Structures are given as C-alpha cells and as structure tokens.
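Shown next, in structure tokens, is the structure this report addresses.
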C-alpha cells in the first residue's frame with residue numbers, strides 16, 4: 001500500500017502554482033507570556049521539502065530539535081507570518097470569553113497578508129466545525145479552501161512547520177523573561193516554578209509585570225478574587 005496523500009496535497013501537486021497556508025499556535029494555556037501564532041505558506045515542492053527534513057508536531061520534539069527544525073523551516077519557506085499576542089491582549093479576549101475569536105481574527109489577518117489557495121489549521125473544539133464556520137465568515141472568500149482539523153499539527157507538514165515557528169518564538173520570549181525576572185518556569189499553571197514565581201511576586205507587593213495573564217484562574221487563586229480585580 002502506498003503512502004497516504006491528503007486531498008489538499010493532491011490538489012497542490014496537480015497545480016504547482018497553488019499554495020497552502022498552515023496555521024498553528026503556541027502558548028494558549030500558560031498563565032505567563034504571550035500567545036504566539038504562526039502561518040507558513042508553502043507549495044507542493046516546499047511541503048515535500050518540509051517532510052524530507054522531518055518536521056513534526058512541536059509538542060513531540062525536544063527543545064533542541066525544535067530549534068534545529070525551525071531553522072530548516074525558515075530556510076525552506078520564504079513566506080511566513082508570526083504574530084505575538086501579548087498577555088494584555090489575551091486577557092481582553094479571555095475576559096469576554098472569546099479567546100477562540102482572537103485566534104480566528106489573527107488567522108484571518110494572516111490569510112489577507114499571504115493570500116493562500118488553501119488554509120489548513122489545527123482546529124479549535126471537537127470536530128472543528130465551529131472553527132471552520134468562524135473562519136469562513138471572517139475571511140469571506142468562497143474560493144478559499146479551508147480545512148480545520150483536530151490534530152492537524154501532527155498530520156500536515158505545513159501546519160507542523162507553523163507549530164515549530166510559533167513554539168520556538170515563544171520559547172525565546174520566555175527565556176528573555178527569565179533572564180530579566182528570574183526563574184519563571186514554563187509559564188504553565190501546572191509548573192511549580194511558575195506558581196512559586198507568582199507567589200513570591202504577590203508577597204513582594206509589587207504590581208504584576210505585563211507578561212502575566214491576569215484573567216487566569218491561577219492568578220485569582222494566588223491573589224484571591226477580590227484582590228485580582230484590583231490588579
């Protein structure tokens with residue numbers, strides 16, 4: 001049995017001038033640091049090149065390997081977009097319960113910037129139907145093929161490449177935060193180093209730094225609901 005070729009790749013292979021935009025994010029769940037989204041625009045030959053160097057879902061790779069592959073992605077792909085959404089922006093959307101809308105709006109902006117023929121995204125929500133509908137409405141281009149699929153970052157090299165860029169950019173930004181503010185951990189609420197950083201900061205009485213997401217339950221738990229509203 002031959003290798004399975006997704007329909008989107010078959011379409012690109014039949015028309016070399018067509019390009020697919022793969023979009024993914026890094027840092028949706030952390031209480032510290034930005035949400036980073038990346039879009040990678042590739043034709044059939046470039047997708048094959050991405051596959052040949054071994055791009056894969058960034059969550060399944062070591063930090064060292066992510067860095068190596070991100071360099072390869074930038075070498076192979078001349079057209080890409082990286083958006084850094086700071087903690088304050090994430091909070092604004094989260095407070096209104098619309099973090100998904102922030103990702104949709106950012107993806108729509110990338111589509112308008114890079115003008116793909118296909119859009120392939122790692123879908124939000126089970127099945128991806130709501131994500132697909134919001135993207136279709138936001139983009140408003142009936143001729144654009146949109147594929148919103150759960151686990152797309154592990155299935156499609158063009159999305160894996162976007163995942164790598166997003167994750168390595170966020171890693172670099174978290175490293176710089178640590179160099180300035182001391183040990184902050186990964187930024188995830190489950191990380192004891194991150195929790196310890198927030199508890200120490202609370203005890204210091206200083207205003208929260210801008211890279212902390214004030215709308216997160218972790219902040220409310222550490223500061224208390226009444227105090228959090230004053231942050």
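Below are the figures for this structure:
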read-out	value
Centre separation in Å (Cα based) which lies between region 31-49 and region 127-196	9
Cα shape, region 117-164, gyration tensor, a/c 1.5 rule	oblate
Rough spin-label spacing in nm, given labels placed 7 Å along Cα→Cβ, for residue 193 and residue 28	2.5
Extended-chain gain in nm, criterion 0.36 nm per residue less alpha-carbon gap, residue 112 and residue 64	14.0 nm
Förster radius 45 Å - calculated FRET efficiency between residue 203 and residue 79, Cβ distance, rounded to 0.05	0.40
Segments 21-28, 193-200 sorted - mean Cβ within 10 Å per residue, highest first	21-28, 193-200
Cα gyration tensor category, rounded, prolate or oblate, for region 7-171 with a/c compared to 1.5	oblate
Expected 222 nm ellipticity per residue - DSSP helices of 4 or more, -39500 (n - 2.57), all of the chain, to 500	-16000 deg cm²/dmol
Between helix 99-114 and the chain: long-axis angle, C-alpha atoms, 0 to 90°, nearest 10	40
Segment residue 180-residue 100, length gained on full extension (0.36 nm per residue, minus Cα span)	25.8 nm
Helix 129-139 axis, angle to the chain major axis (alpha carbon atoms, nearest 10°)	80
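Computed from the coordinates by the stated procedures, all read-outs in this text should not be read as laboratory data. From a predicted model like this one, the values you see are computed outputs, not experimental measurements. Here the Cβ is made from the backbone with ideal geometry for all residues, glycine too, and neighbour counts use every protein chain on show.
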